[in-house]
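Note sheet for the following structure.
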Amino acid sequence: MSSINDNIKLNPPAGWRTRLLAATATLASALLAACGGGSASNGSQLQNSTGPAVISMQDAAGDFQSYIVDVVSLKLTKADGASVETLPATARVDFAQLVDLSELISAGQIPAGDYVGATITLDYGNASITAEDASGGSEALTALDASGNPLTGTLDLAVQLDNRHHLVITPGRTARLAFDFNLAASNTVDLTNATVTVTPMIQASVVPPADFNMRLRGTLASTDAAAGTYTVNVRPFHLGAGSAGQVVVHTTDTTHYEIDGTSYTGAAGLTALAAEPAATITVAFGTLSTSDYSFTAKRVFAGSSVESNTVDRVRGVVTARSGNTLTVRGATLDRRDGGFEFMRGEVTVSIADTTQVTEEGAPGAFGIGDITVGQRIWATGTATIDNATDTASLDATAGRVRMEITSLWGVVTGTVGNPLTLDLRAIEGRSPSIFNFAGTGASPASDASASAYLVGTGTLDLSALSAGAPARVFGFPVPFGTATSSDFNAQTLVSYSQVPTQLLLDWSGGGSATAFPGLMPNSMALDLDLTGAGNAHMLRTGPVRVNLLSLATPPRIVGDATASDTDYFIGHAHARRVENYQAFADFIMTLSGDLTGTRKVLGIAASGQYDAASNTFIAKQVAVLLND
């Protein structure tokens, strides 16, 4: 098999009970380019030929801490009805971990042809679904089908591609497809009864947005020091065997590696990778070039820095520290036998001076004193699980802790400057109320405070930030017991103006027959009638929410005429089928036809930018759910 291209986003309020379509700001994930396959000189050769197709999957943000189900099958469907399986084996997936992250799931050769849709089969028989409760804790949810019965079997989710943008597979030409399993669009959470009603909706696009963060897991096949590349056999998620094609990973002088617990940068890392045995497990995080579709890694992990059959691993955020004991809430436990599970209770991690400590993306020496509250970690050691309380402990005294890039959501308070003061709304998606910052400061008086969290910004550009507006921050908390003038060192700042806004709205009573007044096949916008609006009726930008019912008139929704990666979806709830359109006009025409009969609108979501002056929502993505 030839290798790929040899030339080469806060949770809704706890307790919500609505069915809605969540914004599809991160609908499509970046895909790689591939080469391979010969040219066909006649129809017979083309019929028997293959072409490269690279497929990825992600999730739009939902109301979940974990959403673990088995992905049984992923089939692409041709125009003539024939189907092709592209997933090498059943994969257990936590879709809650795919928010703001795309997983490359297939890069193999498939039969040439015109593919018009796809079907994903999910198995809920061993599902593990958890949401945050009102106190910031974790609530296990029982999955129910649309009739209110326990969901214990499989569901087929179908998506129909835009008629103008099919997935066309031809020899020597890369095809690309990105799936989004929209959790909030697919589920109605009832925390009072600890249930989630599932009406899964899968979305797909052949025009995914560029520069989306991608995770590529696979076994090492070869390295090329001269070219600065290495090749992997794709093995997505937690699969322990099989291959879904090959991908060439490009590296740079600034690519950071962690291999068997040792950090490297640039060529030294590629040399160390070349010394690893064949079939060593690797994970790369990187982005796609829109010019040649090459994948370039920013960070690479390999060997026991990814997984091992001799140690257990815990991933999560530190919510408290007492001496050499770390408390991690809502952690994922990866067991040495290859399985994994989400722990609803606390996980305590014991560390010592013998614990090896590294920092993601940074060379140099680190110790256990660098690990503090609010730090996202990946720790290895020996785990002990208490199934009765859903808690665990990890002895990492002879193991490792990797400090990983940590994200914050907050609202800027006071004067914009260095340090930047944030009123924290979330650390790694968790409520600040569950964090105990005692001991983080050089003295008790300088311990971190969630309401006045100090972020060191260094030389970062602060011109887009403003007081009272939300901001997202990526970086690392300062070492434990040392905070004075800042609690956190930012590497990246994302301002309010750069964050997509989500419009979320549903209708109660089985849906609305008047949701879009005046809708015609040639309409240029969607007007909204909020009569009968359910519990979801908001504009949401990060942690900031605006009640749609508080506006003088509902906003008009128009398509984004300046964007090339637009996607508009019509979902049919009972048929579990979604139709995709790239052009807003095509979407409007089909939607107007769908609503001429007895169908009603259950929900709508849009992702884009809201212009308050004109009360217009400029949408790059819109999804409408119908009750048929």
- Distance between Cα centroids, segment 579-628 to segment 77-115: provide it in whole Å. 26 Å
- Note on the structure: Between the modelled labels at H574 and N418 (7 Å from Cα along Cα→Cβ) the distance in nm is 6.1 nm
- Note on the structure: Highest mean packing first, using Cβ neighbours within 10 angstrom, the peptides 338-348, 577-587, 450-460 sort as 577-587, 338-348, 450-460
- segment 427-432 - phi-based ³J(HN,Hα) in whole Hz, Karplus 6.51/-1.76/1.60, Gly and Pro as x: 10, 6, x, 9, 4, x
- Item | Rounded to 5, the percent of DSSP beta bridges in segment 312-404 classed as antiparallel | 80 percent
- The extension gain from A134 to A268, computed as 0.36 nm times the residue separation minus the Cα-Cα distance, is 43.4 nm
- Item | Simple label model, 7 Å out from Cα along Cβ direction - A241 to T382, nm | 3.0 nm
- One point scatterer per Cα, no solvent, Debye formula: log10 I(q)/I(0) for segment 501-626 at q = 0.17 Å⁻¹ comes out as -0.84
- Message: Can you give the log10 of the normalised intensity I(q)/I(0) at q = 0.10, 0.12, 0.15 Å⁻¹, computed with Debye over equal Cα scatterers of segment 43-205?
- Response: -0.41, -0.56, -0.81
- Item | Sequence of I405, I570 once ranked by neighbouring C-beta atoms within 10 Å, starting from the fewest | I405, I570
- If each Cα of the chain is one equal point scatterer, what is log10 of I(q)/I(0) from the Debye formula at q = 0.06, 0.08, 0.12 Å⁻¹? -0.31, -0.57, -1.35
- Item | segment 326-356 residues near the modelled T397 label - backbone nitrogen below 18 Å, point 7 Å along Cα→Cβ | 326-327, 348-356
- Query: Using the Kirkwood radius built from alpha carbon pairs, what does the Stokes-Einstein equation give as D for segment 192-252 at 37 °C and 0.692 mPa s, in µm² per second?
  - Reply: 218 µm²/s
- Item | Amide H contacts of V249 (H built 1.01 Å from N, under 5 Å, at least 5 apart or other chain) | Y230, T231, V232
- Multiply the residue gap between T598 and S564 by 0.36 nm, knock off their C-alpha separation, and tell me the result in nm, one decimal place. 8.9 nm
- Task: Would you mind working out the magnitude of the charge dipole of the chain relative to its Cα centre, with +1 at each Lys and Arg C-beta and -1 at each Asp and Glu C-beta, to the nearest 20 Debye?
- Result: 440 debye
- Task: Output ³J(HN,Hα) for segment 169-179: one whole-Hz value per residue in order, computed from phi by the Karplus curve 6.51 cos²θ - 1.76 cosθ + 1.60 with θ = phi - 60°, and x for Gly and Pro.
- Result: 9, 9, x, x, 10, 6, 9, 9, 8, 10, 9
- Item | Spin-label pair A365/R173, simplified geometry with 7 Å Cα→Cβ offset, distance in nm | 5.8 nm
- Convert each backbone phi in segment 603-608 into a coupling constant with the Karplus relation 6.51 cos²θ - 1.76 cosθ + 1.60 (shift: θ = phi - 60°), then list the ³J(HN,Hα) values in order as whole Hz, x for Gly and Pro. x, 9, 9, 9, 10, x
- Item | Segments 504-513, 95-104, 411-420 sorted - mean Cβ within 10 Å per residue, highest first | 95-104, 504-513, 411-420
- Note on the structure: From the Cα centre of segment 381-402 to that of segment 449-512, the distance in Å is 31 Å
- Message: Among 105-115, 173-183, 268-278, how do they line up by average Cβ neighbours within 10 Å per residue, starting with the highest?
- Response: 173-183, 105-115, 268-278
- Task: Subtracting the Cα-Cα distance from 0.36 nm times the residue separation, let me have the gained length for A82 to A275 in nm, one decimal.
- Result: 65.1 nm
- Query: Among S222, H250, G286, whose Cα lies farthest out toward the positive end of the dipole of segment 214-305, if unit charges sit on the beta carbon of Lys, Arg (+1) and Asp, Glu (-1)?
  - Reply: G286
- Cα-centre dipole for segment 325-481 with unit charges at Cβ (Lys and Arg positive, Asp and Glu negative), debye to 20: 240 debye
- Note on the structure: re segment 213-341: pairs of Cα atoms spaced beyond 25 Å account for a percent value of 30 percent
- Net charge of Cβ neighbours under 13 Å - reference T327; Lys, Arg +1; Asp, Glu -1: +2
- Task: Return the percentage of antiparallel bridges among DSSP beta bridges fully within the chain, rounded to the nearest 5 %.
- Result: 80 percent
- Task: Provide the percentage of antiparallel DSSP beta bridges, counting only those with both residues in segment 501-626; round to the nearest 5.
- Result: 75 percent
- What are the residues whose amide H is under 5 Å from the amide H of A483, where those residues sit 5 or more places off or on another chain and H is modelled from the backbone? G441, A442
- Item | Bins of 10 Å, starting at 0 and running to the largest distance - Cα pair percent for segment 324-404 | 19, 53, 25, 3, 0
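Taken together, the values in this text are just the output of simple stated rules run on the coordinates, not laboratory data. None of the values given here were measured: they were computed from a predicted structure. Cβ sites come from the backbone with ideal geometry, for glycine too, and all protein chains shown count toward neighbours.
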